[in-house]
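Beneath this line is the structure, given in structure tokens, with notes to follow.
Bear in mind these aren't lab numbers, they're just calculated from the coordinates by the rules spelled out. Model, not experiment: these values are computed from the prediction.
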Amino acid sequence: LAADGANTEAAIRLGGLEVAADKTGRALGHFRAALKADPDNVVASNNIAWLLAKQGKDLDEALRLSTNATTRNPKYADGFDTLGWVRYRRGEYDEAVTALEQAKALAPSSTDIATHLSLAYEKTGRTQEAQAEVKRAGSSSASASNPTESKRPFTQPLLYAAVGLGVLALCAWV
């Protein structure tokens, strides 16, 4: 699979496996290979942007990639969540709220989005709204305990990779 650089789906799946193994550099390599083969791939753009934002690195590139993902697919809730988190990490809290509210509209039951939106609301002084989002996210103890690590944008590709590669042990983790 790794030898076929044009196989973007395989590269994204491999990137998801590398994330699960805490090999961020290798994951970024797979996602970048997917994006090079298909510059319009919103999942690859989103995953690179998320990892960069998570690390607090190259936030300009993360902004470009997350904006690209949401422009290409305006119904991509994870893309808007990533865009909001990138804006948050850049200290652009009003813009973060805007993106995260769009993510919430697309995926109202997402506890990860609720967690990120609560943090952005707090930074903009919207305390009551922040508290409402904390309550909405309350069903996810992982989100409440560590909001910067709570999101798993790679869960679905990881599940597909696990099934496709016959790695049943990973399915329990997902």
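Summarising the amide proton neighbourhood of Ser110: residues at separation of 5 or more, or on other chains, whose placed amide H is nearer than 5 Å comprise an empty set.
With Cα atoms defining each centre, region 6-64 and region 105-135 are spaced 26 Å apart in the structure.
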